[in-house]
Every structure is written in structure tokens, then in C-alpha cells.
1. So K3 ticks every box in (1) outside any helix (DSSP H, G or I); (2) modelled with pLDDT under 95; (3) among the basic types (K, R) but one. Which box is left unticked?
2. Within region 318-356, track down each residue that is under 15 Å from the mean Cα position of the chain (by Cα) and part of a helix (DSSP H, G or I).
3. Take the residues of region 83-103 that are under 15 Å from K126 (Cα atoms) and not basic (K, R): which is nearest to the chain's Cα centre (by Cα)?
4. Is at least one residue of region 125-140 assigned to a strand (DSSP E or B), small (G, A, S) and surrounded by 19 or more Cβ atoms within 10 Å (Cβ to Cβ)?
5. Go through region 386-418 and report how many residues are in a helix (DSSP H, G or I) and without any contact (Cβ under 8 Å) to a residue 24 or more places away in the chain.
6. Could we say that D108 is touching a helix residue (DSSP H, G or I) at 6+ places or on another chain (Cβ under 6 Å), assigned to a helix (DSSP H, G or I), surrounded by fewer than 19 Cβ atoms within 10 Å (Cβ to Cβ) and charged (D, E, K, R) here?
7. Among the candidates E210, E235, which residue alone is within 25 Å of the chain's Cα centre (by Cα) and either without any contact (Cβ under 8 Å) to a residue 60 or more places away in the chain or under 22 Å from N93 (Cα atoms) (or both)?
8. Looking only at residues that are aromatic (F, W, Y) and under 23 Å from C245 (Cβ atoms) in region 108-160, which one is nearest to the chain's Cα centre (by Cα)?
Amino acid sequence: MTKLIEQAFDLAKQRYAATGVDVDQVMAQLDTIPVSMHCWQGDDVRGFENPNGALTGGIQTTGNYPGRARNAVELRADLDKAMSLIPGAKRLNLHAIYLESDKPVERDAIEPQHFSHWVEWAKRNKLGLDFNPTCFSHAKSADGFTLSHADKGIRQFWIDHCKASRHISAYFGEQLSTPSVMNIWVPDGMKDLTVDRFAPRQRLASALDEVISEQLNPQHHIDAVESKLFGIGAESYTVGSNEFCLGYASSRQTALTLDAGHFHPTEVISDKISTAMLYVPRLLLHVSRPVRWDSDHVVLLDDETQAIAHEIARQKLFDKVHIGLDFFDASINRIAAWVIGTRNAKKALLRALLEPGDQLRALEQQGDFTARLALLEEQKSLPWQAVWEAWCLRHDVPADASWLSEIRHYEQHTLRHR
């Protein structure tokens, strides 16, 4: 099989060279582009603060596939298995509820020490870590409001939680020598008709200003704010709307998070990237698959995933766009979900990098839209799969679906015993 892959790769290099694309250069660039995997796929967004607690904030996980990680040791083992089957650079995105402590710790009192084992693991695996305050599934978010809460005491609790989270994020960046992107998403909103839509947004803006008031080293920490169209229980009014978050990120020059599932079904984030980059210094992307709005299905190599990758590559935004994943499916093997979704994200990036971007841009500038369309279509049938398989071999991971047998073995010998 290896010999066949190498032969196909040699032919593919020649085909791409004819279009002006240096495949070796593309593979070298792909090596430098990490995808931040999300820890919450491995345990259905339960975390370790209260693993048996109910999910709130418009979040639901469906299915009960055997083998959910019950603690950090199991979750890290599952991540090790998944990452061993995924080529190229990777990161891990943690939520605050994935802390480790011998005794209960309130969210406004979390500290770097509660994540020291994650940092040790990341160092061993040469990974960067990203972070998120967890503003859901808590008694003080039960009425649907956190950072925009009318009660000053509750609002201050969440402000303090986000401040503590920033220190943890900066700790990650300092320890791992790569900036941690900390994403702030709040579930705040109302289920039914809302009279005063202005005051909660005033409070949210003020609260966020207090959260980010302390200057942290940008080499260690990056702030991001994430919008949403609506959530379960907030169908009529979402405080942190797209307009709010775009306005906040542009006026405060934080990063803006675009989640593929957080918009109307007729909207796509690939079309929003170029607009947002006019006004914000950085973007964080949560690549997901919304089947029915924000349903967070496993990422496929579908049109929108490919369009996202193309937009980043065509505008040369790899130094300004951070790519993360966000899905949680408990109806299938959770580790396989990680592998499928992350490999698909990387396939999309490879295909985007293999595009003769300069040639296509020149044709567009010349007004030769016929040639532009012809080349875009011919590009789809070039042998990118041969390049993918060769790249997998270079990273010593399965080049085809044979990775599934390793997942099955791990399922039978590890997951089934949980």
C-alpha cells in the first residue's frame, strides 16, 4: 500500500505542478496550521465540576453511546487515541468545567493550579491549549442570564469567573509558548417577547469591559467574543447577538468568534470572514455542521467546510484566523467523531492550499470569468486525495479508513469497561 501511495503522490505532484502549485510547499505549510480540537466531544459537555448535572444554556447532547469519559484521566487517554490517528498540528480547547480538584471549587475561584495536569499533558504532546469560561449549567445561570444579569451580585460572579479564566488562559500561553485563545460565549436571552432589549446589552458590554480591563500579554492570551442567533430557552431574544459581538470586537479590538451553527440556516460563516476581518484583528472559527440550525453534528468534508478553508487560504489569513471545532455527538463512538471531524477539517485545508490562488485571482482581476470558472471546476477533480494519503504517511497515521479498526479495538478493550 505504501508503494502505491508514493507512486500516486509522484503523479499528483506532476499534475499540480502543471497548474503552478508546489505540492511539497503546500504540505510544509499544512504542517504549521493547527486545528484546535474541543474536549467536550469526549464526555458530552459534562465536565468534572458536576458530571451528573443537567446541561443548560440551550445545549443538548443526544445519544448514549457506551464509553463516555468520566474523568480527566480517561478524557486525556481518549484524546491521545484520537490524536494518534490525525495528521499534522493540533491544539486542545478546554472549558472551565474541565478543572481537576480534590474538593469543589466555585467558578469564580478557579486557578491555574486546577489545570496543571492539562498543561503537563500538553507539554508531553507538544500541543497548545485554548480556553473558555463556562457560563452555563450552573445555579447562577438558571434564569437564562449571566454577564448581562440585572442582579449586580450574580453579574459580578460571572465577571469574576471570566477574569479568573483569563488568568488560566494566560498561564496556558506562558507555559506552552503559544497564545491561548479564550472564547467568551454567554447563553443570555429570553424565551418569549422581550420589552427592554437595550438594558441587557448595556450590562453585557459593561461587564465584558470589566472582564478584559486587565492588560495581559498578547503573546500568552487572546480574548474573543462569540455570538449566537438563539438557544433553547432564548428563542425570542439573544443578548450577545452577531451585531452585538461584531460591534464589541471591532470597538475593543478583541477577536471575534464565528460559529458555523450560530446563524440563520441560509447564512454561512465563510461569507462573513472577509467582512469581519475589515474590522477585527483576529477571528476564531468554530467549525461545526448545523443540520437543523445549531445542532453541532460532526464536521463533514462538505461545501461549507471547504468554503471556510478556501476563504482563509485565498485571503492568506492563517496568521489571523484560529481554527477550532465545536460538535458533540453521543450517538456514535466519541473518539471516532473527533477523528472524522478533525481529519475532514484538515482535508479541506489541504484542498484549499492546493488551489492555484494567484492564477485565479489574476483571472478575476482581468475580468476573465470564463477561465476562472473553468479552472475552479477542473480543480475539483485533481488528485488531492493522493497528496492527503502521502501527507498522512509522513505523519505516521493511517492514510485511509483503516484507522477505524484501531478505534474498534480501543472500544472493545477500554470504552466497554467504563
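The values are calculated or read from the model by the stated rules, or taken from the named source; none is laboratory data. What you see is a predicted model, and the numbers here were worked out from it, not measured in a lab. FYI the Cβ positions are ideal-geometry reconstructions off the backbone, even for glycines, and counts take in every protein chain you see.
1. Result: K3 passes all but (1).
2. Answer for region 318-356, where residues must be under 15 Å from the mean Cα position of the chain (by Cα) and part of a helix (DSSP H, G or I): A337, W338, V339, I340, G341, T342, R343, N344, A345, K346, A348, L349.
3. Of everything passing the filter in region 83-103, N93 is nearest to the chain's Cα centre (by Cα).
4. Yes.
5. 6
6. yes
7. E235
8. F131
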